[in-house]
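> Mind having a look at this structure? Questions to follow.
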Amino acid sequence: MFDYEQMMRQIIREELSAALRNIPQYVDQDRVLDVNEVCELIGRSKSWISQNKDSLPATVYEGSRKWLKSDILEWMEQQKRETEKIVNFRHTDNTVVRKVR
């Protein structure tokens, strides 16, 4: 005889397990980052962050800048899209020109 209760328990266990695996990903993206974590995430130095602070999405909290990981990831995607619009091409005199589409 088929045990429906056991089958339902197995299905629920599998679904819960799958759902719980995705939770850290979403929680982690809304984490607040300090400057060291932003440097590591985008692969830049603290001096670069300081020089480009107005181009990064940040919030000033208690006198210091803080960043949401999700905002930085979105900013990185935006930078990637803008960079992909730039195309190099050569004139007949071999000079390289950058053109933004």
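> Under 20 Å Cα-Cα from LYS53, which aspartates and glutamates qualify once same-chain neighbours fewer than 8 residues away are excluded?
ASP30, ASP34, GLU37, GLU40, GLU62, ASP71, GLU74, GLU77, GLU82
> Amide H neighbours of LEU33 under 5 Å, at least 5 residues apart or on other chains, H built in the peptide plane: list them.
Answer set, sorted by chain and number: TRP67, LEU68, LYS69.
> With the crude spin-label approximation of a point 7 Å out along Cα→Cβ, what separation in nm comes out for SER50 versus GLU82?
About 2.3 nm separates the two model spin labels.
Just so you know, all these numbers are worked out from the coordinates, no wet-lab data involved. What you see is a predicted model, and the numbers here were worked out from it, not measured in a lab. All Cβ positions, even for glycine, are placed from backbone atoms using ideal geometry, and neighbour counts span all protein chains on display.
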